Structures are given as C-alpha cells and as structure tokens.
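In what follows, a single structure is set out as structure tokens and then discussed.
The numbers here are math on the coordinates, done by the rules we state, and not lab data. Being a predicted model, the structure only gives us computed values, none of them experimental. Glycine gets a Cβ as well: all are built from the backbone with ideal geometry, and neighbour counts include every protein chain shown.
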Amino acid sequence: MEEPSTAEAGGYDVTQQIGHLLRKAYQRHLAIFHDRLAHYQLTSAQFVTLCILRDQGASSQVDLVRATAVDQATIRGVVDRLKRRGLIALKRDGADARKIVISLTTTGSQLLEATIPEAHGVTQATVEDLNPAERLALDYLLRKLSP
C-alpha cells in the first residue's frame with residue numbers, strides 16, 4: 001500500500017510554506033534580472049548597493065548592510081568587486097579615521113542610470129501575470145512583511 005503524502009496526512013509540506021514560496025518567487029525575479037541586465041555585469045546585490053549609494057550618498061559598510069538587506073560577508077565582496085570596476089570609491093571618514101566611507105563614482109553613476117530603465121522592466125516582468133489589483137495587494141503585503 002502506498003504511503004499518504006505529507007500534505008494528505010496533515011503534516012508539514014515545505015513546498016507550500018511561505019518561506020519556500022517567497023524563495024521561489026525571488027529566484028524567478030533574479031533569473032529575470034540576470035536575463036535583462038547580464039550585459040551590464042551587475043548582480044542584483046551590486047545593483048541595489050549602487051542604488052543605495054545614489055539615494056543615500058556616501059555610506060559606511062554597516063549602513064549598506066542595513067539599507068540593502070545584504071549580509072556583512074556578502075556586502076564585503078560586493079564592495080570589493082564594485083571598487084575593482086571603478087564604480088565606487090572608498091576613503092577614510094574625516095571624523096573617524098577607523099571608518100571607511102563608500103561613495104558612487106561618476107562611472108558608477110553613469111552605469112546605474114543606464115540600467116534603471118531595464119530595472120523597471122525587470123519589475124514589470126516579475127509581476128506580469130498579476131492583474132493591477134493583485135500587483136497592488138502583493139506590494140502592500142510585501143511592505144507589511146518587511147520591517
């Protein structure tokens with residue numbers, strides 16, 4: 001006799017849990033991002049870092065972790081790669097020599113501005129199967145879940 005599935009037995013089906021569904025949706029979004037912006041050679045973490053630097057100005061690594069929701073170890077690698085490409089600059093803070101301040105370079109700003117129209121397209125492609133009310137509801141709920 002065949003065993004009942006976890007879901008049929010009233011158990012825990014991980015594939016139906018919010019974390020799993022959010023992860024699948026995010027993976028789909030990242031795939032769209034990569035397909036549309038691959039020629040810029042930017043990861044989504046690099047893109048969001050550039051956007052935060054544009055919007056908030058010069059920032060410390062700790063500030064970037066808070067603003068981007070990218071963990072400390074990953075942001076270190078992001079900063080290193082962006083610096084090697086000349087998209088950001090690092091300098092010591094005038095008030096606290098122990099603190100490194102990261103800022104967008106002119107090259108970084110130009111690259112970011114070139115990617116913005118395509119980034120809008122990534123968002124649209126991610127939600128293209130939703131009607132306007134569903135898009136609004138999704139946006140509202142994601143904002144409510146994100147502190």
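Worth pointing out:
- Acute angle (nearest 10 degrees) that the helix 44-56 long axis makes with the longest principal axis of the chain, alpha-carbon atoms: 50 degrees
- For the chain, modelled as a GNM whose springs connect Cα atoms under 10 angstrom apart, the maximal fluctuation among Ala133, Ala73, Ala119 occurs at Ala133.
- Across the chain, the mean sequence separation of Cα contacts (distance under 8 Å, 6 or more residues apart), normalised by length, yields a relative contact order of 22 percent.
- In a simple Cβ point-charge model (Lys, Arg +1; Asp, Glu -1; nothing else charged), the chain has a dipole of about 1020 debye relative to its Cα centre.
- Restricting the calculation to Cα atoms, the stretch 42-120 shows an Rg/Rh of 0.95 when the hydrodynamic-style radius is the Kirkwood one.
- Scaled against the 2.2 N^0.38 Å expected of a compact globular protein of N residues, the Cα radius of gyration of the stretch 4-90 reads 1.47.
- Angle of helix 18-37 to the longest C-alpha principal axis of the chain, folded into 0 to 90 degrees and rounded to 10: 50°.
- Convex hull volume of the C-alpha atoms in the stretch 94-139, normalised per residue: 126 Å³.
- With loop membership from DSSP and a limit of 15 other Cβ atoms within 10 Å, the longest segment of the chain without GluC sites (Glu not before Pro) is 9-127.
- Degrees, to the nearest 10: 72-84 long Cα axis against longest axis of the chain: 50 degrees
- Most mobile listed residue (Gly19, Gly77, Gly108) in the chain, GNM with C-alpha springs under 10 Å: Gly19
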